[in-house]
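Scroll down for the structure; my scribbles are underneath it.
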Amino acid sequence: MLTLQKAEALDHAAAEAMDRYVIVKSTIYTSGERDPRVPAPRPPDNGKLYLMAGDPRLVDVLRRFRPTVGVATPEFVQDAAIAAWNDDAHVVGLRARYAAKRAAMLAYFATRGWQVEASEATFYLWMKAPGGDDEAFAASLMRAGVVATPGSYLGAGGEGYVRWALVPTQAACEEAIRRLAAVPDTIAR
């Protein structure tokens, strides 16, 4: 247990040894590659990793001090993460669900002559906006009760495209397909 006296001693030791150690802050990036439904492990402090280097005695004190101030990942969270990351069976079902939604959307887009490009490896479909105006097309989709993101909202190079996310349920994707019948082939603002 960290007492006030120990904390003050640590603070004093850190101040005295400031020229013998450094703390370097760097951002790390992780992803939920094993299971996209589970957040990937991140160190404390919102993804910030602090590297402590210098006087080994001071680093050891800081290493032991840090978990006592509430930044260690609770053991029950670690246990849940281990269970989730050891479950690869869900991947087959997840891929099948995305493939079914992709197939349904692509089949409908083909009936309308809408072109999808560069979307083989994601759960997004990038479609050329009919008439080239991605904002106007997205607005016509909204009037029909369907949401897609204008590519121009996502940066340079996205102009003239809309991005469809295949994250809703299969039933929601099928409902979107039914609503798309109300979207005219010629888009006007």
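The values are calculated or read from the model by the stated rules, or taken from the named source; none is laboratory data. All values derive from a computational prediction rather than experimental measurement. When we count neighbours, we look across all protein chains shown, and the Cβ atoms used for this are built from the backbone with ideal geometry, even at glycine.
A few remarks follow.
- From 152, 140, 119, residue being assigned by TED's automatic domain parsing to the domain that holds residue 95 and either surrounded by fewer than 16 Cβ atoms within 10 Å (Cβ to Cβ) or closer than 19 Å to residue 96 by Cβ (or both): 119
- Any hit, region 161-175, residues being of a type in the set (Ser, Thr, Tyr) and closer than 21 Å to residue 111 by Cα: yes
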